[in-house]
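The values are calculated or read from the model by the stated rules, or taken from the named source; none is laboratory data. Remember, predicted model here, so these are calculated numbers, not experimental data. Please note: Cβ atoms are built from the backbone with ideal geometry, for glycine as well, and neighbour counts cover all protein chains shown.
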Amino acid sequence: MLGVITPKVRCQGMPDPILTPSKAPIDTALVAIVAPRAQAAAKITEAWDKGEAVLVLDPAAPESARAELLAQLAPTHIDDGTGRRNLPDGQPVAAGTAAVVVTSGTSATPKGVELTTAGLNAIGAGFAQALTVTEADRPLLCLPLHHVSGLAVLARARFSHSEVIVHPKFDLARVSRAPEEQGATIVSLVPTMLSRLLDAKAPLNKFRFVITGGAPLTESLRARAERQRVAVVDAYGLSETWGGCALNGRPLPGIEIRITQENRPENTGEILVRGVPVMCQYRNDTAASERAFITDPETGHSWLHTKDVGTFDPEGRLVVIDRLGDFVISGGVNVSPSAVEGALIEHPEVLDIAVGGRPDDHWGQQVVAYVVPRQKKRPPTLEDLQNFARRRLSAAQIPRDLLVCTEIPRTAGGKILRRRLAPPPNPHDL
């Protein structure tokens, strides 16, 4: 059993420093970068070459949102494309810090995750070993750099000395042509991007590997890709782990994963992670940093709470089920929204889908499906969806209500923003 957290004051895998006047670690500049993707990639590389840390902000975000993050995370400098300047209230980061990454904020206020250069190298080495990545590879970057999935593409390429091809945005046609026209060999995508490319019959089999992350890769989507001879690699990770720390359910070298089974049935539980790529702390948020870790009293090791529920399959591979707070509890049964979504996305009239819960006096909660139809004028009916679901899902998982919408709110990394789903009306209130 894991015990109560103790404050985490240094990065995992790093020894206690000997703090003498001659050996005290030197703090590092933290440079906020706000620029279009190709320009930002160059500025990130330049900062890393100088031994500085970077904080990449969304150039398309409202000015007020960026101002809040700058005040919260206090970088020492900013480079917004008009030149680099000092920020008077900036605070340096500890030596060895490579980046501060803003979390997606799917369930709470975004936080700044402090990631290390040692973690960057560990992730780079792990991918290089698992996927035989060499200097001859040319990774394609078509993900946002202010999200860890995009920044990690640069980080891994830095370790392997690979040349990165940067696309200014995700474009179906450009990604499809990238292997032939630009020599791209590896591409990182979120599952929604992969689905769109498969729908468009893109020749993804010309990439050595297509890495997916940011959101769960359903078995049906993987099967679709494999039928088109696409070499798909499902990467599991978080902003707090430098992105993907497990590939196809196998932890990278130096990463440990365990399941804590408190109050969870059927060998499932919260996924805990430890290893060099794990963050040092949340910047300027001591309380959140302490809550993020739990200490094993037997070994003294600190483990990161991922707030994801998972299990291990018979071959020992990690299987991610859902987020802890996303389960819909209906009639005492824990219903995984991701499991329902993975089944119903196969409905021929469904383009995209999200699942949530509605309070119910009898069942506690009822499952609700939010559907983006393939044809706006001919959306599926609730009866259609239920009949389709009965052949694939248990009774508790079958949606009891259907809301048709124009899009599913998602983060830049592809995760569903469930808190932004419009709550369905309760029949008792009508």
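Of all the criteria given as (1) of a type outside the set (A, V, I, L, M, F, W, C); (2) within 25 Å of the chain's Cα centre (by Cα); (3) buried (at least 22 other Cβ atoms within 10 Å of the Cβ), the one not satisfied by residue 307 is (3).
Every test in (1) under 24 Å from residue 138 (Cα atoms); (2) surrounded by 22 or more Cβ atoms within 10 Å (Cβ to Cβ) is passed by residue 240 save one, and that test is (1). Looking across the range 196-214, just one residue is within 19 Å of residue 416 (Cα to Cα) and surrounded by fewer than 19 Cβ atoms within 10 Å (Cβ to Cβ), and that is 196. Within the range 361-380, the set of residues being surrounded by fewer than 21 Cβ atoms within 10 Å (Cβ to Cβ) and free of Cβ contacts under 8 Å to residues at least 40 places away in the same chain comprises 362, 363, 364, 365, 372, 373, 374, 375, 376, 377, 378, 379.
Table: residues versus (1) in contact with a Pro (Cβ under 7 Å, 6 or more places away or on another chain); (2) over 26 Å from residue 407 (Cα atoms); (3) not polar (S, T, N, Q).
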position: 312; (1), (2), (3): no, yes, yes
position: 318; (1), (2), (3): no, yes, yes
position: 325; (1), (2), (3): no, no, yes
position: 337; (1), (2), (3): no, no, yes
position: 345; (1), (2), (3): no, no, yes
position: 350; (1), (2), (3): yes, no, yes
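Taken across the range 337-352, residues that are closer than 30 Å to residue 114 by Cα, among the charged types (D, E, K, R), touching a Ser or Thr at 6+ places or on another chain (Cβ under 9 Å) and buried (at least 16 other Cβ atoms within 10 Å of the Cβ) do not occur at all. Please indicate, with yes or no, whether at least one residue in the range 416-423 is at pLDDT 90 or above, in the same structural domain as residue 345 (by TED's automatic domain parsing) and not in a strand (DSSP E or B). The answer is no, given that none of the residues of the range 416-423 is at pLDDT 90 or above, in the same structural domain as residue 345 (by TED's automatic domain parsing) and not in a strand (DSSP E or B). Among the residues of the range 35-52, those that are closer than 16 Å to residue 166 by Cα and crowded, with 19+ Cβ neighbours inside 10 Å comprise 35, 37, 40, 41, 43, 44.
If you take the residues of the range 136-175 that are touching a residue at least 60 places away in the same chain (Cβ under 8 Å) and among the basic types (Lys, Arg), which of them is surrounded by the fewest Cβ atoms within 10 Å (Cβ to Cβ)? Per the stated criteria, the residue is 169. Among the residues in the range 260-274, are any farther than 24 Å from residue 100 by Cβ and among the aliphatic types (A, V, I, L, M)? Scanning the range 260-274, I find no residue that is farther than 24 Å from residue 100 by Cβ and among the aliphatic types (A, V, I, L, M), so the answer is no. Entry remark, the range 25-78: residues being among the acidic types (Asp, Glu), modelled with pLDDT under 95 and either within 23 Å of the chain's Cα centre (by Cα) or not in a helix (DSSP H, G or I) (or both) number 3 in total. Listed here are the strands (runs of 3 or more DSSP E) enclosed by the range 282-379 that have at least 2 residues being closer than 25 Å to residue 193 by Cα and β-branched (Val, Ile, Thr): 302-312, 318-323, 350-360, 364-373.
In the condition set (1) at pLDDT 95 or above; (2) surrounded by fewer than 18 Cβ atoms within 10 Å (Cβ to Cβ); (3) closer than 30 Å to residue 72 by Cα, residue 295 is compliant with all but (1). Of everything in the range 115-151 that is β-branched (Val, Ile, Thr) and under 25 Å from residue 96 (Cβ atoms), the residue that is nearest to the chain's Cα centre (by Cα) is 148.
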